[in-house]
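Below is one structure, written out as structure tokens; comments come after it.
The values are calculated or read from the model by the stated rules, or taken from the named source; none is laboratory data. Everything quoted here is computed from the prediction, not taken from an experiment. Cβ atoms come from the backbone with ideal geometry, glycine included; neighbour counts cover every protein chain shown. Calculation scope for accessible area: heavy atoms of the full protein, side chains included, ligands and nucleic acids excluded. Shrake-Rupley method; radii C 1.70, N 1.55, O 1.52, S 1.80 Å.
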Amino acid sequence: MSRVRSVGPWERFKRISLQLGFWCLVAVLAVYALFPFYYAVISSLKPSSALFEVSVLPTVFDLSNYRDLFSQPTFGRSIFNSVLIGLCVVLLALLLGLTAAYALGRVRFRGRGAVLVVVLGVSMFPQIAVLSGLFEVIRWLGIYNTPWALVLSYTIFTLPFTVWVMTTFMRQLPAELEEAAIMDGATPWVTLTRVFMPLMLPAMVTTGLLAFIAAWNEFLFALTFTLTNSQRTVPVTIALISGDSQFELPWGTIMAASVVVTVPLVVLVLLCQRRIVSGLTAGAVKG
């Protein structure tokens, strides 16, 4: 009969200390990550007279900054532009990424590994390095100062990650599914859309959401490839918010705009967090 070893006071103290240290570290990281957004929220609820008073807890709830923000006609238009461009980028990235992943993950051909390396290498170029060349391409296509200029540039930079994640996920799917579909007379397109696509939902949600967030937050291309207020996206509109004079910077309105832009992304991530994690870790362990 085995004897249960009693835990001494020193081991108990060490275990409690480790747990306490772990939760203290978690609390520090949470405060570090969430405090800027929290401070933006309470700053957006302050009137202009109390904006520079340092207070961690909210003392007043003034919605004048939000009223001033939505009274500007360009802000609502920029939200519509960002949503439209983001959805177009997601649809294009998923369509092209899904078909490319099927070719790279299920079809055997010479140079498949080299193609994947090239696809991944494209994403390593910084935006500023290709800005001038991409500007000339957009001007040559005649889509400057249109949403299609941003859709094209955003798709170019989100597609490599989409292809890489989907290809890794596609390789993990059983070959028996494809063989059974071929035996039933299914074409490659039917096999992709009817057999593989439902199984690839976690990867599609992950890549689609990350592509939308990248398009929603992008600033450099949006500033370069748009000229008028009617075509600008949210980040550029927020950067161009000005006060009644050139010496005034309306921090309250800017904080309100930041909150309005950030809250939908936070809600999306919280709703899809399980599928995001499963999609990112799909190819981490080979089954």
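Annotations
- Two-site label geometry, residue 173 and residue 18: point separation in nm, points 7 Å out along Cα→Cβ: 4.3
- Along the chain, longest interval not containing exposed GluC sites (Glu not before Pro), exposed being DSSP loop plus at most 15 other Cβ atoms within 10 Å: 54-247
- For the pair residue 135 and residue 239, label points projected 7 Å from Cα toward Cβ lie 1.3 nm apart.
- Answer label, with volume of the Cα convex hull per residue in Å³ calculated from the coordinates and candidates [x] 247; [y] 110; [z] 221: [x]
- Förster-model FRET efficiency, 45 Å R0, residue 118 and residue 57, C-beta, rounded to 0.05: 0.25
- You can think of it this way: the chain between residue 148 and residue 271 has 41.4 nm of extra reach, that is 0.36 nm per residue less the Cα-Cα gap.
- Between the listed residues 143, 113, 79, the Cα displaced farthest toward the positive end of the dipole of the chain, a dipole computed from Cβ unit charges relative to the Cα centre, is found at 113.
- Total charge dipole magnitude, the chain, about the Cα centre, Cβ charges on Lys, Arg, Asp, Glu only, Debye to nearest 20: 1180
- Euclidean distance of C-alpha centroids, the range 8-31 and the range 46-110, integer Å: 38
- Loop exposure criterion: trypsin sites (Lys or Arg not before Pro), DSSP state outside H, G, I, E and B, at most 10 other Cβ atoms within 10 Å. Applied to the chain, the longest stretch between such sites is 111-285.
- The largest accessible area among 82, 71 belongs to the first residue in 71, 82, and the rest follow in falling order (1.4 Å probe, all chains).
- Helical mean residue ellipticity (222 nm; -39500 (n - 2.57) per DSSP H run of 4+; nearest 500) of the chain: -22500 deg cm²/dmol
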